[in-house]
Every structure is written in structure tokens, then in C-alpha cells.
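Structure, as C-alpha cells:
Rule-based calculations on the coordinates, nothing more; no lab input. Model, not experiment: these values are computed from the prediction. Virtual Cβ from ideal backbone geometry, glycine too; neighbours counted across all protein chains shown.
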Amino acid sequence: MTIVCSSHNLKRAYKQVKRNKGVAGIDQMPTEKFAVWFIAEGEALTNVLLKGNYCPQGVKQVEIPKPKGGMRKLGIPTVRDRIIQQAIAQVLSPIYEREFSEKSYGYRPKRSAHKALKQASEYVAAGKEVVVDMDMKSFFDEVNHDRLMYELSTKTGDKTLLRLIRKYLQSGILLGGLVSQRTKGTPQGSPLSPLLSNIVLDELDKELEKRGHCFVRFADDFSIYVRSQKAGERVKESITAFITNKLKLKVNEEKSVVCEVDKTSLLGHTILKSGDLIIAKENIKRFKDSIRKITKRKRGVSFELVISELNPKLRGWFEYFKHSSSARLFQNLDAWIRRKLRCFRIKQTKRTIGLVRFLKKQGVKTYQSWIIALSGVGWWRKSAAPQIHQAMGNSWFEEQGLFNLSLNYKKLNY
């Protein structure tokens, strides 16, 4: 506990929490104000922590939609508790990192979703074309506190630290103005939760390794790769029993499947039987839905603002999916995005004469401008016309600063 409360460790924790940003907890204190508060109260806080008398504040619960449906519950601790939890994680993480499985990729230093996908692709390329795709039911809400505390006690004998962690596990949840106590689970969204989840599921990793299975795990999502449907069904049955009886967790039977690898997705990707990665259809749909919201013609915002909102979305999506075999897809998406933007821009001209003036300014001949302006078709059909493409070609979008998916993909792969 002395190391957790050291000045150096707390400063590191504060810097990390500040980088992560995040909203205020139930005390409404923003991250930026903590430094001022700590100057006045830091010594007292440290003393209370070392004596074991610190009581965490409640956790603000919010719900966000899951990508595949349903709602995900997030627990937002106060900034003070986030920093203390981060300080604990910084001390415990190096101890556990030495023993965690090589096949565990989530919430760990120097590991990523891309490395998990690479490992899974290698399994498939080696002939393991059937996957046991396991889904844990409300994992973060079902973690058994006693089992977790026992695992923690095997690595640290510091009773003050262990009591503080249990207090965090049991801290109240504020939802709709009411506080309820927690008897199981660890709030998803706290700095300590990722490490605790890996500690809980490390026992599963060790069991899979002992049985000689080829698997990858990213947080509570894990997939096991086998050579046949029959073998997959056997593995699914035995691992479900282990999770239920030994770990005291629940498996979502409806979402856990045994199928050929290209019939499901892993971390937003579909793995082909060749081992190549493509972007999963549901992720393409979600991406296009998000683009539609930004480029909605009735928004009444400037074209420049739309570009500035699009670019971070495009860059982030590209960075995540840039290792997939998606050259043609990126080309098609670029073309679709440009058409959405052409449609948005010409609708801003509002009237026939406004569209003519805009097209003429972009170098379109007068009579051609009048032809498309008076055509009588809707804005979407107009956006595909040659005159519109002439006015707003690829080079025009480059001048506007629009991020180009296919161009960046070519730079990376050719």
C-alpha cells in the first residue's frame, strides 16, 4: 500500500486519468480541478489510505448501446477514485503480467486487437477452420467477489490494499437518484476493472492451455479454433461446464456458436478460410450509419463543419481496419462518401440560381449548369450527374481536406 500511495505513483496515475479524460462522477469534480484539490487535501488522503480508513464514493451508472444490440452498463467513479484505482493497477499489473497467458490480448501493454486477429488468422491458415465462438453473459456484472479476492490474496499479503479493493468492488451504484449496493461484479469503466477481469479469466486461459486448445481472448470475448464441427461441439460443452461450475460465471447460450470461421466475426473482422481478414458486414453497416448521421442534409451546418466531423471518424475507422484485405471496399466507401458530400453541398445552394452560380464558380459551363439545375430530379440523383462530378471531383475533395480511405490504404500496402 505504501507503493500505491507514493507521490511518484499517484502522479503517474493522475497523468493517465487526465489523458483518458472522461466525465465527472457523482461529486461533479472534473479532472482538471483534482490537482488543485490534491494540493490542499493530498496529505490527508494519503494518510487515510495508508491507515485503511478510506471509503470510496459511489459509482455513477450510465448505459450505452452495444454494437450487437442491448445496453452496456458503465460505472463512472469519481476522479479521486479513478486516480486511486489507477495507482493500484499500476502496482499490481506488473506482478500479474509475468503470469498472464500469451493468448490474452485485451487491456494489456504491448498487446492489441490486431495481434489477436493475427494469431487467429494463423490458426485458420493452419487448417483450424471451425471456431467455438463463446459469449459470456453480463461478465462484468457476474464476477464473484470472493473468488476474485482469493486470487488477489495469493499475490499480495497487504491486507489494507485487499480491503480497499473489496470496498471498490462493493461500492454503491447511483442510478436514477437511488444508491444500490453491489454483491457481485466489477463496474465496467473503472481503471481497475480491466486488470481484475483479466485476473478472473486467467484461470480460464490456463485451463484452455492445459487442454492444448488454440484460442485467443480479448477481455471477455474468446474464440477456440478446431478442425471439425464435432470437435467444436465437444469443446463448447466442456468449456461451458468449466465456466459455469468452476468460475461461477454465465455463458450466453444463444450467442455462443460453433461454426465455420467465415460465418462469424472476431473483433469487427471476418476471417476467411485462407486466413485473410475482411471487415465484418455489421461493422460496415454501423460505419455507414454513422456517416449518414454526419452528412444528413437537414442538419443546417456548414460544409466545413461536416468535413471536420467526418475526418476523425474516417481516420479512426481506417486505423482499426487498415490490416484487412479491403482495397475494393475502401474505394467503394470513398466514392459513396463523396457522393453523400456532393449531395449535402449542392442542397446548400437551395435554389436553382444558387446551384447554377456554384457550378459556374467551379468551372462548369453555363448551359451545362442550367441543364442539371433545371433537371427536376432530386438532390441525390443530381449528385451523380457529370456536371456535379466536374465541379466536385476527387481533387476538389482533397483541397477540402477530406481523409481518403483508399489512398491511405495504398500507401500502407503498395
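Below is a table of values for the structure above.
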item: Inverse mean reciprocal Cα-Cα distance (Kirkwood Rh) of segment 51-148, Å; result: 17.3
item: Unit charges on C-beta of K, R, D, E only; dipole of the chain, Debye; result: 2120
item: Using θ = phi - 60° and Karplus 6.51 cos²θ - 1.76 cosθ + 1.60, couplings along segment 260-269 (whole Hz; Gly, Pro as x); result: 5, 4, 7, 9, 9, 10, 9, 6, x, 10
item: Within a Gaussian network of the chain (alpha carbon springs, distance under 10 Å), most fluctuating of VAL131, VAL23, VAL143; result: VAL23
item: Kirkwood estimate for segment 280-413, i.e. one over the average of 1/r between Cα atoms, Å; result: 15.7
item: Residue exposure sequence - ARG338, ARG72 - by fewest surrounding Cβ within 10 Å; result: ARG72, ARG338
item: Proximal aspartates and glutamates relative to LYS18, as straight alpha-carbon distance under 18 Å, when same-chain residues fewer than 8 apart are discounted; result: ASP27, GLU32, ASP81
item: Within segment 369-408: backbone nitrogen closer than 19 Å to the ARG351 label point (7 Å, Cα to C-beta); result: 369-377, 379
item: Whichever lysines have a C-alpha closer than 17 Å to that of LYS155, once near sequence neighbours (fewer than 8 apart) are set aside; result: LYS206
item: Amide proton proximity set for CYS214, modelled H, under 5 Å, gap of 5+; result: TYR225
item: Segment 280-413 - percent relative contact order, Cα under 8 Å, separation 6 or more; result: 32
item: For segment 216-229, Karplus couplings with θ = phi - 60° (6.51, -1.76, 1.60), whole Hz, Gly/Pro x; result: 9, 10, 10, 6, 9, 9, 9, 10, 10, 10, 10, 9, 8, 4
item: Gyration tensor (Cα) of the chain, equivalent ellipsoid semi-axes in angstrom; result: 47, 31, 18
item: Cα pair distances in segment 95-150, grouped into 5 Å bins until the bin that holds the longest one, percent each; result: 4, 14, 15, 20, 22, 14, 7, 3, 0
item: Burial ranking of peptide ranges 264-273, 348-357 (average Cβ count within 10 Å, highest at the top); result: 264-273, 348-357
item: Residue range of the chain that is longest and free of GluC sites (Glu not before Pro) which are both DSSP loop and sparsely packed (at most 16 other C-beta within 10 Å); result: 255-414
item: Two-decimal Rg/Rh across segment 208-348, once Rg and the Kirkwood Rh are taken from alpha-carbon atoms; result: 1.13
item: The chain, relative contact order in percent, only Cα pairs under 8 angstrom and at least six apart counted; result: 15
item: Under-5 Å amide H pairs with ARG72, H placed in peptide plane, nonlocal only; result: ILE64, LYS66
item: HN-Hα J in Hz across segment 298-303 - Karplus 6.51, -1.76, 1.60, θ = phi - 60°, x for Gly and Pro; result: 8, 5, x, 10, 6, 4
item: Nearby lysines by direct alpha-carbon distance to LYS11 (threshold 21 angstrom, same-chain neighbours under 8 apart not counted); result: LYS21, LYS33, LYS51
item: Residue pairs, from the table LYS115/LYS210; LYS73/LYS340; LYS167/LYS210; LYS230/LYS288, whose Cα atoms sit over 26 Å apart; result: LYS73/LYS340; LYS167/LYS210; LYS230/LYS288
item: Whole-Å distance, taken between Cα centres, linking segment 142-206 and segment 343-409; result: 57
item: For ALA219, distant residues with modelled amide H under 5 Å away; result: TYR105, GLY106
item: Positive-end residue, the chain charge dipole about Cα centroid, Cβ charges, pick of ILE224, THR156, SER324; result: SER324
